[in-house]
1. In this structure, does Glu122 turn out to be surrounded by fewer than 20 Cβ atoms within 10 Å (Cβ to Cβ) and out of contact with any His (no Cβ under 9 Å at 6 or more places or on another chain)?
2. Being over 30 Å from Asp136 (Cα atoms) and hydroxyl-bearing (Ser, Thr, Tyr) is the filter here, so list the residues in region 158-203 that pass it.
3. Does region 11-33 hold any residues that are over 18 Å from Leu232 (Cβ atoms) and surrounded by 21 or more Cβ atoms within 10 Å (Cβ to Cβ), and which are they?
4. Just checking, does region 142-157 include any residue being more than 19 Å from Gln90 (Cβ to Cβ), in contact with a Cys (Cβ under 9 Å, 6 or more places away or on another chain), buried (at least 16 other Cβ atoms within 10 Å of the Cβ) and not β-branched (Val, Ile, Thr)?
5. So which helices (runs of 4 or more DSSP H) are wholly in region 108-185 and hold at least 3 residues that are among the small types (Gly, Ala, Ser) and free of Cβ contacts under 8 Å to residues at least 60 places away in the same chain?
6. Of the residues that make up region 210-230, is at least one out of contact with any strand residue (DSSP E or B) (no Cβ under 8 Å at 6 or more places or on another chain) and outside any loop (DSSP other than H, G, I, E, B)?
7. In region 186-209, which residue that is modelled with pLDDT of 95 or more and part of a loop (DSSP other than H, G, I, E, B) is surrounded by the fewest Cβ atoms within 10 Å (Cβ to Cβ)?
8. Of everything in region 234-245, what is more than 20 Å from the chain's Cα centre (by Cα) and either within 30 Å of Gly40 (Cα to Cα) or surrounded by 13 or more Cβ atoms within 10 Å (Cβ to Cβ) (or both)? Give them in sequence order.
Amino acid sequence: MTIEINSDMGEGFGIYQLCDDNELIRYISSINIACGGHAGDPKLMTHLVRLALSHKVKIGAHPGYPDREGFGRRPLPYTIDEICQQVAYQLGALQAIAKAEGASVGHLSFHAAMGNRINQDEQLATQVMRMLYRIDPALTVLCLAGSLIESAAHAVGLHTRSLFLVDRAYQDDGSLVPRGRPGAVITDEGAICARVRQFLEEGTVTTIDGSSLVITARALLIHSDTPGAVNLASKIRNEIDQLKR
């Protein structure tokens, strides 16, 4: 089974950048490009599409709440219709930019608070997936295995690709430890690489409570705002390459 390295990228705007996208993309198989909501702007989105094309990297959309100040991590009181509108608006913007560059958008991964909201509301998840199917039935949704997003996508006929978030702690039920709780975000490079090695060799991750949890995933997600993301991506790529030998 091929394991790809996925990353949320283009998460800046104007002169503000979180990561060296030009360097990080050397180790990445697929990217989720911020579409102007929590981050991103037309110039940066175009740059990332061109960068992906030059490195033969899969292009995906990364819609989130339009909340740059909170980086899309704060829950907003949006209605179901308003969330659908935001997803369509942001996906459509990236689709147009990609088409202008001779590329296409093949997948989508929801960002932070918006993704959490969709993953907790069955009616909302159904409406969003139906809308995505109408926009592009060939679109693949990236998500956690066993999640509501995954089941809602399958119910309408969309393909999914499951993620393993290498820098986030898991609970025993397979969900992520909420941000803000101690240990939710893993920043130690050695610990992250050990988690990746455990997943590649055993198909498991050790949860925050010390249990062994089976992980079904086709892609390893690296957040570009994780400290040392470029060096981390390089080491993870090396772990995958060594497993192939």
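1. Values: surrounded by fewer than 20 Cβ atoms within 10 Å (Cβ to Cβ): yes; out of contact with any His (no Cβ under 9 Å at 6 or more places or on another chain): yes.
For Glu122, the condition - surrounded by fewer than 20 Cβ atoms within 10 Å (Cβ to Cβ) and out of contact with any His (no Cβ under 9 Å at 6 or more places or on another chain) - is met.
2. Residues satisfying the conditions are Tyr170, Thr187.
3. Passing the criteria: only Ile33.
4. For region 142-157, residues more than 19 Å from Gln90 (Cβ to Cβ), in contact with a Cys (Cβ under 9 Å, 6 or more places away or on another chain), buried (at least 16 other Cβ atoms within 10 Å of the Cβ) and not β-branched (Val, Ile, Thr): present.
5. On the way: elements: 112-120, 122-135, 148-156.
Output list reads 148-156.
6. Taking every residue of region 210-230 in turn, at least one turns out to be out of contact with any strand residue (DSSP E or B) (no Cβ under 8 Å at 6 or more places or on another chain) and outside any loop (DSSP other than H, G, I, E, B).
7. Asp209
8. From region 234-245, those more than 20 Å from the chain's Cα centre (by Cα) are 238-239, 241-245; that's our starting set.
Selection gives Asn238, Glu239.
The values are calculated or read from the model by the stated rules, or taken from the named source; none is laboratory data. Because the structure is predicted, anything quoted here is derived from the model rather than measured. We place every Cβ from the backbone using ideal geometry, glycine too, and count neighbours over all the protein chains shown.
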